[in-house]
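To start, the structure under review is shown below, and the notes come after it.
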Amino acid sequence: MSKPNIAVFGGGSWATALVKILTEQDVKINWWLRNSKTAAFIRKFHLNPNYLSDVYIDEEKVKVWLNPKQAIADAEYVLFAVPAAFMEDAIKTLDSGDFVGKKVISAVKGMIPEKHFLVTDLLHQEKGVAFENMAVIGGPCHAEEVALERQSYLTIASPNIELAKEVAQMLTCRYIKATPFDDMYGVEYSAVMKNIIALASGICHGLGYGDNFQSVLITNSLREIKAFLDKIYPQHRDLSDTAYLGDLLVTAYSQFSRNRTFGNMIGRGYSVKSAQMEMNMIAEGYYAVKSICAINQKYQVDMPITKAVYKILYERASPNKEISLLKEKFF
């Protein structure tokens, strides 16, 4: 049996973590990077200088590319792990023909700004990738813990359960358990929503709210996510599953969560711009909350937490005032 050939797009911590996981198997990886200096460094030293710099990149299994068409040419699987805001730029030189016969995996936990698309919708509508040839990677899993080889869990969701099983097998190793799942839209939207909730959690922490309030916030947020999912993509799903609740909890509570960190800075009085500059990393929830609010104009689901985060980030509303109003709605 030939080695699976996987093209990985993205040079951040999550892409680096996924490359590490995949190289635990007998595979070939074409790793596309946009930054030529980063690519040169990895080729020479076999480390990503910017993210998870302790992770060794196996040069026998990983080849670094700067040309996306070359990276994808002989790949059987194409895995995207770029921030959603950069997704369109990453695929702009690729056309529908480049994806023919390929299985596409999204590890992007955000939405395409302005278009308000999920990544799977973008690939389907603009590159002609069939939904049955796509899968998404959900958590709960942080890249930093993958680097430390701490036991972690992934959910691989696809309408094609056989594809989900294939990808889950490739991503299972001694410190990762990957589970196939059939609710691709639910997992993808849930991954977007949990970043918004993590922003809210961080804002509350920055304002000085304690663990008791945080537990009530997360409980109410689960209801909010359920109401939204049931409206836009109704099907039987149990949000207590790891794919939903587990991913929500780790993102809302973990020290490694970018969105919680970003929200914490906002709660402590940082402006959006200053928080973005200091983090120097993408908090997907910042863009996602605008997209979810835009989508919800059609569905009119009652989403007070999402609305509060939007007002704080985009309308410069007082975090203290918005959270004070929000807590009166909790039960």
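The values are calculated or read from the model by the stated rules, or taken from the named source; none is laboratory data. Note that the structure is a prediction, hence the values are computed from the model and not measured. Please note: Cβ atoms are built from the backbone with ideal geometry, for glycine as well, and neighbour counts cover all protein chains shown.
The single residue among Tyr299, Tyr310, Tyr314 that is hydroxyl-bearing (Ser, Thr, Tyr), within 22 Å of Phe117 (Cβ to Cβ) and in contact with a Phe, Trp or Tyr (Cβ under 8 Å, 6 or more places away or on another chain) turns out to be Tyr299.
Scanning segment 121-158 for residues that are among the polar types (S, T, N, Q), more than 20 Å from Met170 (Cα to Cα) and touching a helix residue (DSSP H, G or I) at 6+ places or on another chain (Cβ under 8 Å) turns up nothing. When Leu325 is tested against the conditions (1) under 26 Å from Val146 (Cβ atoms); (2) without any contact (Cβ under 8 Å) to a residue 40 or more places away in the chain; (3) surrounded by fewer than 23 Cβ atoms within 10 Å (Cβ to Cβ); (4) not polar (S, T, N, Q), the lone failure is (1). The condition of being surrounded by fewer than 23 Cβ atoms within 10 Å (Cβ to Cβ), in contact with an Asp or Glu (Cβ under 7 Å, 6 or more places away or on another chain) and not assigned by TED's automatic domain parsing to the domain that holds Ala308 holds for only one of Ile161, Ile176, that being Ile161. Scanning segment 216-261 for residues that are over 23 Å from Ser324 (Cα atoms), under 18 Å from the mean Cα position of the chain (by Cα) and in a helix (DSSP H, G or I) yields a count of 9. Considering segment 275-294, and only residues there that are buried (at least 19 other Cβ atoms within 10 Å of the Cβ) and among the hydrophobic types (A, V, I, L, M, F, W, C), the residue that is nearest to Val119 (Cα to Cα) turns out to be Ala288. In segment 282-305, what residues are touching a residue at least 24 places away in the same chain (Cβ under 8 Å), assigned to a helix (DSSP H, G or I) and over 30 Å from Tyr51 (Cα atoms)? Once the filter is applied, which keeps residues that are touching a residue at least 24 places away in the same chain (Cβ under 8 Å), assigned to a helix (DSSP H, G or I) and over 30 Å from Tyr51 (Cα atoms), segment 282-305 yields Ala294, Ile295, Asn296, Tyr299, Pro304, Ile305.
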